[in-house]
1. Identify the residue in the stretch 240-252 that is of a type outside the set (Val, Ile, Thr) and touching a strand residue (DSSP E or B) at 6+ places or on another chain (Cβ under 7 Å) and, among all such residues, is surrounded by the most Cβ atoms within 10 Å (Cβ to Cβ).
2. Could you check how many residues of the stretch 139-157 are more than 16 Å from residue 109 (Cα to Cα) and in contact (Cβ under 8 Å) with a residue 12 or more places away in the chain?
3. From (1) among the aliphatic types (A, V, I, L, M); (2) assigned to a helix (DSSP H, G or I); (3) crowded, with 18+ Cβ neighbours inside 10 Å; (4) at pLDDT below 75, pick out the condition that doesn't hold for residue 502.
4. Restricting to the stretch 203-256, give me the number of residues that are assigned to a loop (DSSP other than H, G, I, E, B) and modelled with pLDDT under 85.
5. Is it true that residue 255 is closer than 25 Å to residue 161 by Cβ, in contact with a His (Cβ under 9 Å, 6 or more places away or on another chain) and surrounded by fewer than 20 Cβ atoms within 10 Å (Cβ to Cβ)?
6. Within the stretch 138-182, take every residue that is over 19 Å from residue 228 (Cβ atoms) and under 24 Å from the mean Cα position of the chain (by Cα) and give me the one that is surrounded by the most Cβ atoms within 10 Å (Cβ to Cβ).
Amino acid sequence: MSISDRNYYSAGQEIDYIDHKIRSLVDEIRRPPGANIHSTDAEDELLELKTRWNELVPISMLPNEIISEVFLVCARCDVDHSHSCWSWINVSYICKRWRNVALGSPMLWGYLDFLKPALVPEMLRRSQKAPLIVSVPQKHIIKDQVEDAVISALHHIHRVSEITLRNVVTASLGKALSDIRQGAPLLHTLCLTRGETEVATLASSKHPVVLPSDFLNGNAPCLRHVDLHGFHLSWDSDFLKNLTTLKLTYNSPTHAPSLQQLTHVLDRMPGLETLKLWILPLSDTTVTSGFAFAQLLHLREIGLMGDVDGCAILLDHISFPCTARMRFGCVVDSRIEPDVLDKASPMLSSLSRLRSQFSSEFQPQSSIASIDVSASFRNLQITLGRNSVVTTSPSPYWLQLSMHYDTTLHEELTQKVFEALSPLHNVRVLSFTGWIPSLYESFSLGLSNVQTLHVRGTEGLSILDDLLRLTETELKFALFPSLVCLSLVGVAFGPASQLTDLELDRINDMLLERRQMKAGIRELRLANCKGLTREHTERLKDICTDAGVECVE
């Protein structure tokens, strides 16, 4: 046995002995008053034993520097996962050594806890000259004592490295922010959002807080992450350059940029990795000089929300890797535009170009393996992914497109959207929320290899007849001829939310006929379906067994 092994074994024996002594002393201290005249001595001995016990446990073998780093990780997680009610300050209450380590780490106290505003002045003192993190959890409205604590921390702006305030609802805090004139040489993250209350949101959409040209004295050389909602920076601000993350919402036409301003700003960010813009129509789409194009070679994620014209025009004036995750939310206002197809055509052309680039540059990795469609009468949302595995949690996507228009009146536009996203012949998994008959023609184009179909929250039997439709030119099923698994989730059976014998017969006919034509469904999954009694479920299982189908609840 090595020396280290003997030491560890010796420490283990000592811990067992101390545990026994602690239990004995606790029993002695708990005796009735007068039964123990040495209670004070017992308490002192108990304290010494607990201290010794703490020294012997394995974690106490770590150097103070390592423990301090672990505390910093806790503090960072506390900021990143601000929904938790746990505070990193609790680590300083565990034992004497941990408290001494915490008190000796100024950087740790730089993670200010604004949910305990009375402690902020002491935390500022203990942080000494370390960088400060000024961050308030998103679910907490910044007012009263919390607002006072935030303003007091901003007085130390020269050593603030992060400002993340998601719920600014008072004019006084907005003014305090815009009045900062001192430079912020350490600041790398600036995230400001007007409050989420109804009144505050309405006010922020019409009257954003304008950050003046001399905000932070124009001095924030380390700034890399800017996220502003309800706050406005001038488009020629020196802060809008050399960023890796840019997220902006501008709802006021007064502050909307021109095409040239926006492309000029983006061109000053060659290392940009994340771009998200919630936009109204651009104030001016004309180009007064030959410079109106930005190359974003390092972009990993892009999101554009707003008027379909603004989204399309910007996409035509920027370039980025087609492997970047894309999310576009486009409003096509059919109440104003009589021909929504003409209005949406530039956006469809941009989508088709991006899809073609993806297919040509990254074969065979470019295949789209899954589609998730959510359809309603006023919105069509399509999510394309390269992963054919469907999970209950959100999975990474390549493209998420949301088009706002009357889908019942503009069936041709629905078809054109799917044409722009083609080819889709490698899609294996299709998920559907809301089955709209007009989408049949769209799905009959290039989705012949779908093997798994998930249908959620719709009239379940409306899809059965479609699954039996044959092509006009040859004797095969027109819709999903390769279908193997059919999953129905939250589906309502029957007009009165009650499955009838006739409807069971329709399911039976569909399963048997597809089997006879060698396009059989091998698995039927049911979950949270309405109108499906236990009796119907048992009969449905019998039908599936007769048709060679596995029925899973």
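1. 250
2. Here the count works out to 10.
3. Unmet condition: (3).
4. Qualifying residue count, the stretch 203-256: 5.
5. For residue 255, the condition - closer than 25 Å to residue 161 by Cβ, in contact with a His (Cβ under 9 Å, 6 or more places away or on another chain) and surrounded by fewer than 20 Cβ atoms within 10 Å (Cβ to Cβ) - is not met.
6. 140
The values are calculated or read from the model by the stated rules, or taken from the named source; none is laboratory data. Note that the structure is a prediction, hence the values are computed from the model and not measured. Neighbour counts run over all protein chains shown; Cβ positions are idealised from the backbone, glycine included.
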